[in-house]
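The values are calculated or read from the model by the stated rules, or taken from the named source; none is laboratory data. Bear in mind that the values here come from a model prediction, so they are computed numbers and not experimental data. Every residue, glycine among them, receives a Cβ derived from its backbone with ideal geometry; neighbour counts consider all protein chains shown. Accessible surface areas use protein heavy atoms only, side chains included; no ligands, DNA or RNA. Shrake-Rupley method; radii C 1.70, N 1.55, O 1.52, S 1.80 Å.
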Amino acid sequence: MCTREILTLQFGHYTNYVGSHFWNIQELSFDYTGTVKTECNHDILYREGQSSSGEVTYTPRLLLADLKGSLKTLPATGGLEETNLEGDFSWEEVETIKEPEPDKNEFIKDINAGTSNLQDKEYKLEQDINTWTDYLYPRFHSRTVNIIKEYQHSSENESFDIFTSGSTLWKSDIGETFADNIRKYVEECDSLQGFQVNFDCTDGFSGLALGCIEHIGDEYSKTILSYPIIASHFSDNSPSTEEEREKSTLKDSFRLVNIALSIEALSQHVKLFVPLCTGEKGWRKPGNPRLFDYIDYKPECYYHSSALLASAMDSLGQKYRHKSNVYTMSDVCADMTGYGRKMAAASLGIPFTFSESQYLIEYLNSTTKLIYQSITPSCKIATDKLFQLITVRGIPETYLKAPMKEAKEQLNIPAYRCNSVKEMFELYFQANNFLSATNVTVCEKPLELKTPYPRFFSDRLNKYGFINSGPESEKVESCPVIAGLHNGNFMADMIEKLHRDVSRIKFSKLHKFGNEGLEYGDYKECLDRIAEFKDNYEDNFEL
Amino acid sequence: MAAISLLNPKAEFARAAQALAVNITAAKGIQDVMKTNLGPKGTMKMLVSGAGDIKITKDGNVLLHEMQIQHPTASLIARASTAQDDATGDGTTSTVLLIGELLKQADIYISEGLHPRIITEGFDVARNKALEVLESMKIPIEIKRENLIDITRTALKTKVHPSLAEVLTDACVDSVLAIRVEGKPVDLHMVELMEMQHKTATETTLIKGLVLDHGARHPDMPKRVENAYILTCNVSLEYEKTEVNSGFFYKSAEDREKLIAAEREFIDQRVKKIVALKKKLCDGTDKSFVVINQKGIDPLSLDVLAKEGIIALRRAKRRNMERLALACGGIAMNSVDDLTEECLGYAGLVYEHILGEEKYTFVEDCKNPQSVTILIKGPNKHTLTQIKDAVRDGLRAINNAIEDKCLVPGAAAFEVKANNELLKFKDTVKGKLRLGIQAYAEALLVIPKTLAVNSGYDAQDTIVKLQEESRLNPDPIGLDLSTGEAIKPIDLGIYDNYIVKKQILNSCSVIASNLLLVDEIMRAGMSSLKG
Ligand SMILES: Nc1ncnc2c1ncn2[C@@H]1O[C@H](COP(=O)(O)OP(=O)(O)O)[C@@H](O)[C@H]1O
Ligand SMILES: [Mg+2]
């Protein structure tokens, strides 16, 4: 079997929150007993290597970037290698300046101590998490973590808050080191399928990520799939004084401009991109949280909201990470992006659930609600004229329909002729989405919800994430998930809204961008290109 | 890293007078942190992060950036030091010290009621005079090995242990001389610095050729060949599976196979062309063939090449394409059509070296290499980085000397002489302006004073000795750090770069003046001070 590798790149703090969950999900699903039948080829995202002491390592094929001060307890070397202290400095006077060791939370202490019963213990992670390394389970290859020394994490003074600062940074030494690390990963791969680039599109990381994207576009003729991400909340979102209000307004403007610059550049340089946010609007503020039945999450808590996005990414990726090796990222991108429609929307249904005493056929037949929720900001996913790729995971075939002799009314439902979960979903989408093309991928395994995945589920769910019919309450250990990529005319609304909102900002308010080298003419052209990009979505098309 | 919490960062609240006081205190603050760094007897700093990451440095600029600087004044000074580093690669600690000292000296007069504007005007005049003195102390050099060794050694001994400095000095000078083409500016990028983490070895060697940080990806390829043709190219030898599977549109298995076969054929043709050239040139001779490709090479292509005994490397660094052509000769090819012998380079020896999961390929014994590699071995990342930083500084010092075509005597000879000349000059100037000149002259002495203190001598005693000797003796007089006595730096081979001193004088006066005229700055807004 030939593995088609993927290199993942993560830029920015919130994106790294998402990343932590994503890699936790991967690593906690590894089966070391050899007894579980897995559908997913882990070698696509992971690489085997050797530590300097000769031990075999298995680490994510990953590069990430964050600012100085964001790592807390994780060494920049990734935490796999012991730092060998001895050096050859017979210098007469050496002064050691040691930073105090940061407090480790209970969970991190347990991982470091190699505790094996993580799953049985209750952690208060909501209170204990200040950064994404506070719940990170895996350890990284020494080239994975790239820290930007020029800016301090959460510093008011020298904040890394504009696209142009990131672009400038890409052209400095950091960009060169990063590019070289990319090359080293790519060199190892026999058959790379492409790059997945996730980044915070509201601050300086947007410019850094796009500098990088442009570079890999030039250097490697490989597919680039990108998720520009907007955090669920910003600390200045609820100002109380006039001064704070003004600051917050300006910051919202900066974020919006960064989003716009990102979208425009992505439309030039990647194959497919999918903006993600758990807030409804994304800009000028993230807005109300998207709601998921049976989940109670707090948008201010990155640890919560990022888990949702990570679950979506993991589910969406199943299609090109499958052992059967049928689809690649480039197939998926090609399917989604006809007519130059490089931007698509994503959806998530978590848990995709129904009563444990029900069958899938009954649920799909009776439900009136959408079975998924958009997780793309300012975007309402239409129900017709769609191209969509859907992944459903964790619904046992035994839940499909009642056996013939007990079927009763089910026999009257046309879907009763479906013989698999896949067929039934295909029929469901055929019936519900007019003039649309849907491709459904079904994975047997559910999403596993192992610690440190947030425990934000309703207690009405049973162990497998279905709705309890009895009174007993169980700890949820896994749940079914549905996730999708959708494209169609409907995306035009979102682009238009973005264009309208960003055009309202006076360029004179953006002197920080100007100082870093953004010219008015270029900015104006970029906005015009966003308007043009929208045109790709407006032509009528027929299937 | 270690926070220097100097003062409240909210500059906008500090009123002008207070702001001046704030600036002076801040500048003194960083000066205190940095002064122990100066010179070959300065203190090495080992910075350990909370999570255990280590950075070892003695370089002022590196240190400033490793520390959390929250104060705008401090970050302005840090920017001056970065600018100094970008322009010359040296003199960053001196920059910070001199800015601090200029402010300290000015403070004395300002607290007696003198307007900051008068001081800054005096600084301007004094700076021009100091530049004249610097001009008069230039020692013209011919670009020869012996003339470059001293300046390099002086620079390196301020960064690493003397015994290591000796080794690095030779490696740096020889590498620059190897790649230099008479009459053309030196491109330091053509000296590749390659790090190798190795448990036991700490050594640095100059390789007259290239070391690549990857190796052949096929088990049957030779690990070592001699007498090798080198083909450098930027041609994909990798079958890129384009979209053959759609979730929406059905393609038959047969159609897919056809698509794949057509594209495979295309790649195979390219590989065949390379093989054909190899056969023509090498078969029946003792010559061998190496392909170094910037693009990918997939397992099937590797297989074909391996069968022919060809070593093939994929995904070479873009810059190495240029370096390879300079080291081995030949041309980096963008296509394998029309390949001829003239396109190829030559290396006497190509071999692979494996260290843990890392592979290296040495391309050595090149005939007239105009690109070379300094190979740095060390037991851990932070030692490697420390040595690499030092080598960079050494290379910059050599390049500065070549561009300047001159050197200036080191060991504070310039500062002592300039102080002397400025004091004389001051007496010819009328009015309060002379106070500014006096302050400037005084401030320059921070360099010899700090060098003395860092070597354990008394600052005042030293200054008196140096000033006396300098008045009596027409030659440049500096400080011998091993005795605390006055010496002629030229006798001991202690030199500095002319451009470094010049840049220090220019930038320090500007930044110090900006910080003194703080009320005017506040109006202009801090952001206009960038860069
Ligand atoms: N062997 C030496 N004896 C006396 N002074 C020296 C010697 N080597 C260097 N110096 C002086 O040390 C100063 C440079 O110190 P360094 O630590 O490199 O700081 P900087 O960052 O300012 O370059 C220069 O003034 C130089 O003349
Ligand atoms: Mg120096």
Could we say that B:Ile267 is within 30 Å of A:Thr438 (Cα to Cα) and aliphatic (A, V, I, L, M) here?
no
Within the set of pairs 6+ apart or on separate chains, which have a first residue in segment B:407-428 that is among the polar types (S, T, N, Q), a second that is more than 14 Å from ligand 1 (Cβ to nearest atom), and C-beta atoms under 6 Å apart?
B:Asn419/B:Ala441; B:Asn420/B:Ser470
Filter segment B:37-68 for residues that are open to solvent by 20 Å² or more (accessible area, probe 1.4 Å) and at the interface with chain A (Cβ under 7 Å from one of its Cβ atoms) and give the result.
B:Met46, B:Ala51, B:Gly52, B:Asp53, B:Ile54, B:His65, B:Gln68
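From A:Asp314, A:Asp331, A:Asp296, A:Asp335, grab the single residue that is touching a Gly at 6+ places or on another chain (Cβ under 7 Å) and more than 30 Å from A:Ser167 (Cβ to Cβ). Reasoning before the result, please.
Values: A:Asp314 fails: touching a Gly at 6+ places or on another chain (Cβ under 7 Å); A:Asp331 fails: touching a Gly at 6+ places or on another chain (Cβ under 7 Å); A:Asp296 fails: touching a Gly at 6+ places or on another chain (Cβ under 7 Å).
Testing whether each residue is touching a Gly at 6+ places or on another chain (Cβ under 7 Å) and more than 30 Å from A:Ser167 (Cβ to Cβ) leaves just A:Asp335.
Out of the residues in segment B:393-413 that are part of a helix (DSSP H, G or I) and touching a strand residue (DSSP E or B) at 6+ places or on another chain (Cβ under 7 Å), state the one that is farthest from B:Pro185 (Cα to Cα).
Taking segment B:393-413 and keeping what is part of a helix (DSSP H, G or I), we get B:393-404, B:413.
Okay, now just the ones that are also touching a strand residue (DSSP E or B) at 6+ places or on another chain (Cβ under 7 Å), so B:395, B:401, B:413.
Values: B:Leu395: 13, B:Ala401: 12, B:Ala413: 29 Å.
Selected residue: B:Ala413.
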Search segment B:468-502 for residues being of a type in the set (A, V, I, L, M, F, W, C) and free of Cβ contacts under 8 Å to residues at least 60 places away in the same chain, and hand back the single one that is farthest from ligand 1 (Cβ to nearest atom).
B:Leu472
If a residue has to be more than 11 Å from ligand 2 (Cβ to nearest atom) and surrounded by fewer than 22 Cβ atoms within 10 Å (Cβ to Cβ) to count, how many in segment B:144-162 make the cut?
8
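Residues B:Thr152, B:Thr158: which one is within 19 Å of B:Gly410 (Cα to Cα), in contact (Cβ under 8 Å) with a residue 12 or more places away in the chain, more than 14 Å from every other protein chain (Cβ to nearest Cβ) and among the hydroxyl-bearing types (Ser, Thr, Tyr)? Walk me through it before giving the result.
On the way: B:Thr158 fails: more than 14 Å from every other protein chain (Cβ to nearest Cβ).
Step by step, each of B:Thr152, B:Thr158 is checked, and only B:Thr152 is within 19 Å of B:Gly410 (Cα to Cα), in contact (Cβ under 8 Å) with a residue 12 or more places away in the chain, more than 14 Å from every other protein chain (Cβ to nearest Cβ) and among the hydroxyl-bearing types (Ser, Thr, Tyr).
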Checking A:Lys506 against (1) within 30 Å of A:Trp283 (Cβ to Cβ); (2) free of Cβ contacts under 8 Å to residues at least 60 places away in the same chain; (3) buried (at least 18 other Cβ atoms within 10 Å of the Cβ), the condition it does not meet
(3)
Going by what's in this entry, would B:Gly91 be described as in contact with a Lys or Arg (Cβ under 8 Å, 6 or more places away or on another chain), within 13 Å of ligand 1 (Cβ to nearest atom) and away from chain A (no Cβ under 14 Å)?
yes
Conditions (1) buried (at least 24 other Cβ atoms within 10 Å of the Cβ); (2) modelled with pLDDT under 90: number failed by B:Glu112
(1)
Filtering segment A:509-520 down to residues that are open to solvent by 40 Å² or more (accessible area, probe 1.4 Å) and farther than 12 Å from A:Leu250 by Cα, which residue is nearest to the other protein chains (Cβ to nearest Cβ)?
A:Asn515
When residues of segment B:139-187 are filtered for being over 22 Å from B:Asp389 (Cα atoms) and within 15 Å of ligand 1 (Cβ to nearest atom), how many remain?
1
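From the list B:Pro140, B:Pro185, pick out the single residue that is open to solvent by 10 Å² or more (accessible area, probe 1.4 Å), more than 18 Å from the chain's Cα centre (by Cα) and away from ligand 2 (no atom under 16 Å from the Cβ).
Details: B:Pro185 fails: more than 18 Å from the chain's Cα centre (by Cα).
Being open to solvent by 10 Å² or more (accessible area, probe 1.4 Å), more than 18 Å from the chain's Cα centre (by Cα) and away from ligand 2 (no atom under 16 Å from the Cβ) holds for just one of B:Pro140, B:Pro185, which is B:Pro140.
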When (1) away from ligand 2 (no atom under 16 Å from the Cβ); (2) closer than 26 Å to A:Ala76 by Cβ are applied to B:Ala418, the one that fails is (2)
So which residues in segment A:417-456 are without any contact (Cβ under 8 Å) to a residue 60 or more places away in the chain and in a loop (DSSP other than H, G, I, E, B), if there are any at all?
A:Cys418, A:Asn419, A:Ser420, A:Asn433, A:Pro446, A:Leu449, A:Arg455
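Condition check ((1) within 14 Å of chain A (Cβ to nearest Cβ); (2) within 16 Å of ligand 2 (Cβ to nearest atom); (3) at pLDDT 95 or above; (4) farther than 16 Å from B:Pro116 by Cβ) across all residues:
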residue	(1), (2), (3), (4)
B:Lys430	no, no, no, yes
B:Leu435	no, no, no, no
B:Leu466	no, no, no, yes
B:Asn473	no, no, no, yes
B:Asp491	no, no, no, yes
B:Tyr495	no, yes, yes, yes
B:Lys501	no, yes, yes, yes
B:Ile511	no, no, no, no
Within segment B:76-86, how many residues turn out to be away from ligand 2 (no atom under 12 Å from the Cβ) and crowded, with 20+ Cβ neighbours inside 10 Å?
4
When (1) open to solvent by 10 Å² or more (accessible area, probe 1.4 Å); (2) in a loop (DSSP other than H, G, I, E, B); (3) not acidic (Asp, Glu) are applied to A:Gly465, the one that fails is (1)
Go through (1) under 30 Å from A:Phe457 (Cβ atoms); (2) assigned to a helix (DSSP H, G or I); (3) open to solvent by 20 Å² or more (accessible area, probe 1.4 Å) for A:Lys380 and report which single condition fails.
(2)
Within segment B:365-395, count every residue that is open to solvent by less than 40 Å² (accessible area, probe 1.4 Å), over 11 Å from the mean Cα position of the chain (by Cα) and away from chain A (no Cβ under 11 Å).
8
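I need the helices (runs of 4 or more DSSP H) fully contained in segment A:91-195, keeping only those with at least 2 residues that are without any contact (Cβ under 8 Å) to a residue 40 or more places away in the chain and either farther than 30 Å from A:Leu256 by Cβ or more than 11 Å from chain B (Cβ to nearest Cβ) (or both).
Where helices (runs of 4 or more DSSP H) fall fully within segment A:91-195 and carry at least 2 residues being without any contact (Cβ under 8 Å) to a residue 40 or more places away in the chain and either farther than 30 Å from A:Leu256 by Cβ or more than 11 Å from chain B (Cβ to nearest Cβ) (or both), they are A:106-112, A:125-128, A:173-188.
Among the residues of segment B:357-379, is there at least one that is within 16 Å of ligand 1 (Cβ to nearest atom) and not aromatic (Phe, Trp, Tyr)? Steps first, answer last, please.
Step one: filter segment B:357-379 for residues within 16 Å of ligand 1 (Cβ to nearest atom), giving none.
So far as segment B:357-379 goes, no, none of its residues is within 16 Å of ligand 1 (Cβ to nearest atom) and not aromatic (Phe, Trp, Tyr).
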Counting only residues in segment B:87-106 that are touching a Leu at 6+ places or on another chain (Cβ under 8 Å) and aliphatic (A, V, I, L, M), the one farthest from ligand 2 (Cβ to nearest atom) is identified as B:Ala106
Tell me, yes or no, whether segment A:42-51 has at least one residue that is at pLDDT 90 or above, in a loop (DSSP other than H, G, I, E, B) and surrounded by 18 or more Cβ atoms within 10 Å (Cβ to Cβ).
yes
Answer from A:Gly317, A:Gly349, A:Gly287, A:Gly338 - the residue that is open to solvent by 10 Å² or more (accessible area, probe 1.4 Å) and closer than 22 Å to A:Thr391 by Cβ
A:Gly338
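For B:Glu132, state whether it is more than 16 Å from ligand 1 (Cβ to nearest atom) and among the charged types (D, E, K, R).
Numbers: more than 16 Å from ligand 1 (Cβ to nearest atom): yes; among the charged types (D, E, K, R): yes.
In short, yes.
Checking the structure you have, find out if any residue of segment B:209-216 is open to solvent by 10 Å² or more (accessible area, probe 1.4 Å), touching a residue at least 24 places away in the same chain (Cβ under 8 Å) and either in a loop (DSSP other than H, G, I, E, B) or within 16 Å of ligand 2 (Cβ to nearest atom) (or both). Talk me through it step by step, then tell me what you get.
Pass one, segment B:209-216, residues open to solvent by 10 Å² or more (accessible area, probe 1.4 Å): B:213.
Right, trim to touching a residue at least 24 places away in the same chain (Cβ under 8 Å) and you get B:213.
Keeping just the survivors that are either in a loop (DSSP other than H, G, I, E, B) or within 16 Å of ligand 2 (Cβ to nearest atom) (or both) gives B:213.
Checking segment B:209-216: at least one residue is open to solvent by 10 Å² or more (accessible area, probe 1.4 Å), touching a residue at least 24 places away in the same chain (Cβ under 8 Å) and either in a loop (DSSP other than H, G, I, E, B) or within 16 Å of ligand 2 (Cβ to nearest atom) (or both).
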